[in-house]
1. Among B:303, B:283, which is over 19 Å from the mean Cα position of the chain (by Cα), among the aliphatic types (A, V, I, L, M) and within 24 Å of residue A:428 (Cα to Cα)?
2. Residue C:105 is checked against (1) crowded, with 24+ Cβ neighbours inside 10 Å; (2) touching a residue at least 60 places away in the same chain (Cβ under 8 Å); (3) over 16 Å from the mean Cα position of the chain (by Cα) and fails just one. What number does that condition carry?
3. Tell me, which residue of region B:305-315 that is more than 9 Å from chain A (Cβ to nearest Cβ) and of a type in the set (Ser, Thr, Tyr) is farthest from residue B:289 (Cα to Cα)?
4. Among the residues of region A:252-270, is any under 28 Å from residue A:192 (Cα atoms), without any contact (Cβ under 8 Å) to a residue 24 or more places away in the chain and of a type in the set (Phe, Trp, Tyr)?
5. Say we look at region B:85-96 and pick out the residues that are under 22 Å from the mean Cα position of the chain (by Cα) and either over 16 Å from residue B:122 (Cβ atoms) or β-branched (Val, Ile, Thr) (or both); which of these is modelled with the lowest pLDDT?
6. Looking at (1) surrounded by 24 or more Cβ atoms within 10 Å (Cβ to Cβ); (2) within 15 Å of residue C:392 (Cβ to Cβ), which one does residue C:192 not meet, given that it meets all the others?
7. Restrict the check to region B:415-425 and report whether at least one residue is out of contact with any Pro (no Cβ under 8 Å at 6 or more places or on another chain), touching a residue at least 12 places away in the same chain (Cβ under 8 Å), assigned to a loop (DSSP other than H, G, I, E, B) and surrounded by fewer than 19 Cβ atoms within 10 Å (Cβ to Cβ).
8. Quick check on this structure: which one of B:232, B:251 is out of contact with any strand residue (DSSP E or B) (no Cβ under 8 Å at 6 or more places or on another chain), polar (S, T, N, Q) and either buried (at least 24 other Cβ atoms within 10 Å of the Cβ) or more than 10 Å from every other protein chain (Cβ to nearest Cβ) (or both)?
Amino acid sequence: MGTAFAGDDSAAAIADVKFIIDNLWILISAALVFIMHLGFASVEAGMCQRKNTVNIMFKNVFIVCIGAVGYMLWGFNAMYPGWEEAAGNFFAMGSPIESGFEGAAATANLTKEYADYTYWSDFVFQAMFAATAATIVSGAVAERVKLTSFMIFAAILVTFIYPITGSWEWGGGWLNGFGGENSAETGQFIDFAGSSLVHAFGGFAALACVIVLGPRLGKYTKNGIKPILPSNLPLANIGVFLLFLGWFGFNGGSVLSADAAGVSHVFVTTAMAGFAGGLAAIALSWILTKKPDLSMALNGMLAGLVSITAGAGSIPPFYALAAGAVGGVLVVLAVGFFDKIKIDDPVGAISVHGVCGIWGTLAVAIFGSEALAGEKISFSAQLIGTLSISAFAFITSFIVFYAIKLVMGVRVDEQEEHEGLDVAEHGVPAYNDSAN
Amino acid sequence: MGTAFAGDDSAAAIADVKFIIDNLWILISAALVFIMHLGFASVEAGMCQRKNTVNIMFKNVFIVCIGAVGYMLWGFNAMYPGWEEAAGNFFAMGSPIESGFEGAAATANLTKEYADYTYWSDFVFQAMFAATAATIVSGAVAERVKLTSFMIFAAILVTFIYPITGSWEWGGGWLNGFGGENSAETGQFIDFAGSSLVHAFGGFAALACVIVLGPRLGKYTKNGIKPILPSNLPLANIGVFLLFLGWFGFNGGSVLSADAAGVSHVFVTTAMAGFAGGLAAIALSWILTKKPDLSMALNGMLAGLVSITAGAGSIPPFYALAAGAVGGVLVVLAVGFFDKIKIDDPVGAISVHGVCGIWGTLAVAIFGSEALAGEKISFSAQLIGTLSISAFAFITSFIVFYAIKLVMGVRVDEQEEHEGLDVAEHGVPAYNDSAN
Amino acid sequence: MGTAFAGDDSAAAIADVKFIIDNLWILISAALVFIMHLGFASVEAGMCQRKNTVNIMFKNVFIVCIGAVGYMLWGFNAMYPGWEEAAGNFFAMGSPIESGFEGAAATANLTKEYADYTYWSDFVFQAMFAATAATIVSGAVAERVKLTSFMIFAAILVTFIYPITGSWEWGGGWLNGFGGENSAETGQFIDFAGSSLVHAFGGFAALACVIVLGPRLGKYTKNGIKPILPSNLPLANIGVFLLFLGWFGFNGGSVLSADAAGVSHVFVTTAMAGFAGGLAAIALSWILTKKPDLSMALNGMLAGLVSITAGAGSIPPFYALAAGAVGGVLVVLAVGFFDKIKIDDPVGAISVHGVCGIWGTLAVAIFGSEALAGEKISFSAQLIGTLSISAFAFITSFIVFYAIKLVMGVRVDEQEEHEGLDVAEHGVPAYNDSAN
């Protein structure tokens, strides 16, 4: 009996240590996702015009701040309402996080009784995720959106709308239970780290806003499309590499433990899809424009990363190359397509996140291994899931942003747009070259 | 008996594995704190004028290098002299780190006999911390300080002065033993990761230097305060986000282990205080100046982070929001105040680190949970502690910097200041736009 | 017997947990090495002329993408062919990584049967390393190399040539078995994280390319050497600090486990050598040029880091200071020397990586502790090893790059070089200051 106790004690102690590692990895992942916000700010500022740089960074700083606070006060509990799985749920009310005043979450929430990580780790990792969805919109509406209108929209999007679709899958809602009792046979929706729930969501919210907002002045003329040059490509380069770095936490942390096989597989698929996306976009854009195009190379890497986000855990490494490469091709074509139909997206956010978000979700059905996924994979579940999420993001964003347009307008006036938002709205240029 | 041995062996093996994780987290935290030096360099260079950019970065590179070397040769042992607690100690001699030539610290220093981390981890984490105090000064004296004078001052500050106040609390000196035998009843000084020991220390050292140095030429005129515009706000934005990232190691590593409940709590309080500081500074500065002010938003995030640094382990999450928000308000008011009394601080370092460092230390007494802190909390201990540290930093810095002024001067001549320090002192501009 | 089983079960469970930590550290290190690619891109772009910035970043994006893909398809297996040690092997054929289509490497490859980390972790960490060698060349040939020619060269270098010298030591080839049966007495070649295998390799490949390519137009005139000013020193500063950060993974991950004593020792030696290199380069360049030189301070930090890379595990901390400081001196002298003999290296890559790579390898024999290294250290083994690797890199690079020169040329035409590669080849400037 002494023996049995010794064994039990050891097992508990070992589980405690494993819990510490798993939890630490979720926290490190949260820090990596945090730095994606600097990535977004830098890539957007670098890709847009010099005169709107301060405005872009201000929006990004505001979004990450309000996003996390809104998520603390409402979103986290709206997204993870504790539904029983497969209950077909669609919407839950939010509320402030538990025990926020007490100094400690309920005891069990800080031990492995809660999960492989603590309640606080769960919250902080998810909060860093949440704000990315609104940030995606920020790039698409840059250079002409009215600041206060966007701030209101972004706060609503991240606090109230994003958790709804999030709850459908990660919160145990109808998509997670898709297929009902037969889901073991029919297959369930799989979105590992959010090709649909984060990226397509953000991309189609962005599309709605751009339609409501209209293109930048002088972009589409009767003489054709006027190219608007990026103001600072080294800044955009910094942004994209930081996003890539952060993706190791975005996808890697979504293993929800430090499991060696799981996290190492996700690192390989994530990295290789990003690299393949870069190469494919370089090749295709070179063929089409006869130029080696840095912006497309950078967007290609991002496209590859978005394309593997749903399947990072279930797509084998060589197929991750393929999924990423298709993403790199799609982003080049989509950027051209949206310009042709006069959807003006200064940074290509709709193409990178929206189009490749859908593609990445479908790629699970094409390239995914059921042995890796640990469940049945179904093309129809992937298609229904990604279209539902994208459509919900598009429709609700359209309604909310259009309502804001009716109430207070969503666009700066012509003179401000010409002058640039930095001086007009913020009273200060981003770069001051004079000697003072 | 075989059973007992098996249990003991397992327990030792489990403790070894836990030791590996705890140690790894301290090292990762050291790397995160290291990147704060890039954060400081970038935010200072971005906030100052273009013509002094090289000078600022040169100072920062020098400080992190000399800071770590000085800490290796003197500071670490001066700060952690192995005092018995509560002995009322005030000052210890430094000396080079142990076993630095032997290839290995004494055997026990590399095992869990030493702590939850090795002697080398302890040293490297603390060394990365040390240089931050001097770096805070660098921003406040920018654009007119004489390079060699500052280099001498910074080397003295980080090597000899910072370890003294550090030893008071973290080294087991008089502040750590404050309250003597009755400390369980009266409460001890609590400064989790250094709102006082690092930030207020740096901020009040900066205040002393700015008083000795005087304002930049032409800043305060009879016609009022001349605004001097930041040269590169995307660079400042990069700097602030990297500082925020590094703070997860600064505060998170100060748990001194990878304890799941501890580190996850610290991540939540740190992040939320930073975000709340950003929102509060945005709101207040918008009300006061009628402009959405990016510089204030960025300084607000830093202010929130400084404000939670003393209480990251003991303040519950929702109170962390409050502590950070107050920090964001304070920084806006303090920047205005110091400008009004003609204390010229180009980057707001005195406000961010000095004022919010004191506030953060007091916030422990207002918002801290004794259950979390694991000890009695006392307002008077917090007040006495933060004022002692701030006063010591101010007085010693004033004396040392004034002595340097008498011996060799501390300020560049007028022509150099007009021309800019980059070309005048370094012979090269930071940005060269010509085609060559 | 129940007792024995309990012990065995615990031991296996403890080993599993240790495996998870070790594996996690390799993955985090891979992420840190990844960010070095942003470091290289930023330091090169910052140090070169504004007009060639896009070109430099495009090359860097391409290299990291093609490098990882080439390593996946050929290099990894060519570098780690599973030779029996000491077999005197020189070359192995490459092949695609194992199980890349199957969704899982063979079961044992994802457990501690493979190593302290999984097969995927091994691959992704080594893949991030691989591309750094080619990136080193990128800086040296900047501002006049023909893009497509360089792309072909870089792809060949990283995919086919780098794994050959890599296999000599890390793959268990002739250098690893150097000394044969008597190696315990005579000493084996020691290159902890690649002072020779990565840095000297890259540096001497760069030297070969610069000789084939020739200097930038107008650099060496009959009136002396024309200084070409860096375009963006804050960008270079960002780059160097990110490289320094990444080095904690580059060297720290090369412990190949999270061993507490090992990784903490490596962190201390790596950091202190980098800081000492910075201080030494500051001091010497100040003496020689009478100016505090930021570029030299930055290159000095990198030189210190390269100088400790071979001996990070075996050189005691105070000797790491010495090794780094010598590196800082060498880089100042080498940059002057190469300019004198008209080897035009815009970023000092040959000096930093080539010269200090050899120095760092020899420093193991001068400063290394056999107790730490765990094996006999031999000056002749270090010398033969580093010269073999450097010579192989130089000769093969010369042949390949010369062949490319004969077939398609390696240099842009004069007009493009004057105009700058950004507009001439890429059709877009890096910075666009106009208001559009």
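1. Numbers: B:303 fails: over 19 Å from the mean Cα position of the chain (by Cα).
Within the list B:303, B:283, the selection yields B:283.
2. Among (1) crowded, with 24+ Cβ neighbours inside 10 Å; (2) touching a residue at least 60 places away in the same chain (Cβ under 8 Å); (3) over 16 Å from the mean Cα position of the chain (by Cα), residue C:105 violates only (2).
3. We begin by selecting, within region B:305-315, every residue more than 9 Å from chain A (Cβ to nearest Cβ); these are B:305-313.
Those left that are additionally of a type in the set (Ser, Thr, Tyr): B:307, B:309.
Values: B:307: 24, B:309: 29 Å.
Here the answer is B:309.
4. Within region A:252-270, one or more residues are under 28 Å from residue A:192 (Cα atoms), without any contact (Cβ under 8 Å) to a residue 24 or more places away in the chain and of a type in the set (Phe, Trp, Tyr).
5. Here is the first cut: in region B:85-96, the residues under 22 Å from the mean Cα position of the chain (by Cα) are B:90-92, B:94.
Filter again for either over 16 Å from residue B:122 (Cβ atoms) or β-branched (Val, Ile, Thr) (or both), leaving B:90-92.
Details: B:90: 86, B:91: 89, B:92: 89.
Residue satisfying both the conditions and the ranking: B:90.
6. (2)
7. No, region B:415-425 has no match at all.
8. On the way: B:232 fails: out of contact with any strand residue (DSSP E or B) (no Cβ under 8 Å at 6 or more places or on another chain).
None of the other options fit; the residue is B:251.
The values are calculated or read from the model by the stated rules, or taken from the named source; none is laboratory data. Owing to the predicted nature of the structure, the values given are computational and were not obtained by experimental measurement. With ideal geometry, Cβ positions are generated from the backbone for all residues, glycine too; neighbour counts draw on all protein chains shown.
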